[in-house]
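The next block holds one structure in the form of structure tokens; read it before the comments.
The values are calculated or read from the model by the stated rules, or taken from the named source; none is laboratory data. Bear in mind the structure is a predicted one, so any value in this text is a computation, not a measurement. With ideal geometry, Cβ positions are generated from the backbone for all residues, glycine too; neighbour counts draw on all protein chains shown. Surface accessibility is based on the protein's heavy atoms, side chains included, excluding ligands, DNA and RNA. Shrake-Rupley method; radii C 1.70, N 1.55, O 1.52, S 1.80 Å.
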Amino acid sequence: MSNQELVVMDTVNVFLKRKRDGHLVAKTKTQMGSISQTVSSEKLYGAIGNQTVAILETQKEVSLSYRNALWDLEYLSMTQGVSIEDKTAKIKRNETAIVESGNDGLTITVKGTPVDNTAVLFDTDGSQQEVAVTTKTIEIPTGYKAREGDTITVVYDEEVTGQGVTFDSAKFSEYYEIEMSTICYDPKTMAVVKDLYIQFDQVKPSGEFEMSFENGQPLTPEISLEAMAPDGTSEMGRVFTVDRASTP
């Protein structure tokens, strides 16, 4: 089978499989994927004139990274070494409500269910007071400046259930298998003729990450991984091309 020069100009799809339980992570909206290799080298000198006799190379290290256009919890799960699980937690809910006039005076109505039936109610001048909530209704305390028709803020704890990842100081990232793939073009026709695959049998995600929340700037998480040779072999991975099936 002859080798063929190809044009590669697209990003990669990324698939990772957690070695502990086979959990699959698929990333098909990547913006960038990269692989880099470093080798430690040292020259061996000898003979008359102290010539270079040999170049000794050791410590081959392969690093990978990818950046995804979309954010999800899998990104944090890999950096933290924990699984995504259904969790219950208390959150702060912030609402604005219009003051209404009722039989017992001025009131507002909240939409959620405050934990312990308590909330913090802000007056129109910014002062605040902890108040009781009765069947989603809060009576405006005596002395508040708020009047009927005013909009005021209320903050309370609410219990919610969702999917979550924990930050555990005793847990770190685990081993994965990784496959990156993209398409190759024939430079003579620019038709897609091959698929390119890059596989590593054991990689460890870096536990370092950064998330920056900024107006108008989407989160595009980037993660780095280090390749290792599995026990019993010196082979870390492979790269190969496969012919694309012709389309009628």
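Of Gln128, Gln163, all but one fail to be open to solvent by 70 Å² or more (accessible area, probe 1.4 Å) and in contact (Cβ under 8 Å) with a residue 60 or more places away in the chain; the exception is Gln163.
Residue-level analysis places Lys136 outside the set of residues that are over 29 Å from Val115 (Cβ atoms) and either surrounded by 11 or more Cβ atoms within 10 Å (Cβ to Cβ) or touching a residue at least 40 places away in the same chain (Cβ under 8 Å) (or both).
Considering only residues of segment 60-106 that are under 21 Å from the mean Cα position of the chain (by Cα) and of a type in the set (Lys, Arg), which is farthest from Ser173 (Cα to Cα)? Looking at the filtered set, the residue picked out is Lys87. Filtering segment 63-107 down to residues that are among the acidic types (Asp, Glu) and touching an Asp or Glu at 6+ places or on another chain (Cβ under 8 Å), which residue is surrounded by the fewest Cβ atoms within 10 Å (Cβ to Cβ)? Only one residue fits best here, namely Asp104. Scanning segment 141-171 for residues being within 26 Å of Ser83 (Cα to Cα) and either touching a Gly at 6+ places or on another chain (Cβ under 8 Å) or in a loop (DSSP other than H, G, I, E, B) (or both) gives a total of 8. Scanning segment 7-20 for residues that are more than 14 Å from Ser181 (Cβ to Cβ) and open to solvent by less than 80 Å² (accessible area, probe 1.4 Å) yields Val7, Arg18.
Against the test of being in contact with a helix residue (DSSP H, G or I) (Cβ under 9 Å, 6 or more places away or on another chain) and either more than 30 Å from Gln202 (Cα to Cα) or of a type in the set (Val, Ile, Thr) (or both), the options Val155, Val62, Val82 yield a single qualifying residue, Val82. All but one of (1) farther than 25 Å from Ser65 by Cβ; (2) at pLDDT 95 or above; (3) of a type in the set (Val, Ile, Thr) hold for Thr247, so report the exception by its number. Thr247 satisfies every listed condition except (2).
Hey, which of the strands (runs of 3 or more DSSP E) in segment 16-102, taking only ones fully inside, have at least 3 residues that are of a type in the set (Ser, Thr, Tyr) and more than 22 Å from Val239 (Cβ to Cβ)?
Where strands (runs of 3 or more DSSP E) fall fully within segment 16-102 and carry at least 3 residues being of a type in the set (Ser, Thr, Tyr) and more than 22 Å from Val239 (Cβ to Cβ), they are 30-46.
On the given criteria, is Asn68 touching a helix residue (DSSP H, G or I) at 6+ places or on another chain (Cβ under 9 Å) and at pLDDT 95 or above? Criteria met by Asn68. Of all residues in segment 173-232, those satisfying the criterion of being more than 14 Å from Met78 (Cβ to Cβ), open to solvent by 70 Å² or more (accessible area, probe 1.4 Å) and part of a strand (DSSP E or B) are Glu214, Gln217. Annotation: of all residues in segment 35-54 being under 29 Å from Asp201 (Cα atoms) and among the β-branched types (Val, Ile, Thr), the one that is surrounded by the most Cβ atoms within 10 Å (Cβ to Cβ) is Ile35.
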